[in-house]
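Since every read-out is calculated from the coordinates, none of them should be taken as a lab result. Model, not experiment: these values are computed from the prediction. Note that each Cβ is placed from the backbone with ideal geometry, even for glycine, and that neighbours are counted across all protein chains shown.
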Amino acid sequence: MVSKSARAYAANEVITGVHGSDAGQLIVLVYERVFDHLKLAKKALEAGEYGIEPFTKAHDLIQQGLLACLDYKGGGEVALSLGAVYEWTLREILSARLNKSPEKVQEILDVLTPLYEAWIVLAPKESIVSLSVAQEAGLPQAANY
């Protein structure tokens, strides 16, 4: 099952290099966008702003792009553990917004980073490299996520 967010990436295949990507590559891309939005939200809080849009986008990507795609039947204990982490992350995003806490945002980033790094190891590298090259070339991001 491919999430709405993952489909948005795939819809803009030329820019993102996602055409023909497997689920692991899409998950890496979703993580990268989650990190982008959480970093923007953290900066907004540090500047005394609310950061509503980046918080909302990060929340949606986690909920629809990571949590909703878990295969609890086939993934067993790993899927359950990831599900628990993603649920915790969603609660912490709400808490960070309510408490205007950039520290909570950093905690979320710190928890998600090792998972992201594991997905990088699992996903074939070719498409991830093509995405990085496209980003370095200054090409726009797909679907505003």
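Backbone phi angles across the stretch 106-116, fed through the Karplus curve with coefficients 6.51, -1.76 and 1.60 (θ = phi - 60°), yield HN-Hα couplings of 5, 4, 4, 4, 5, 6, 6, 4, x, 5, 4 Hz in residue order; Gly and Pro are listed as x.
The dipole here belongs to the stretch 23-130: it is taken about the Cα centre, uses +1 on the Cβ of Lys and Arg and -1 on the Cβ of Asp and Glu, and is about 180 debye.
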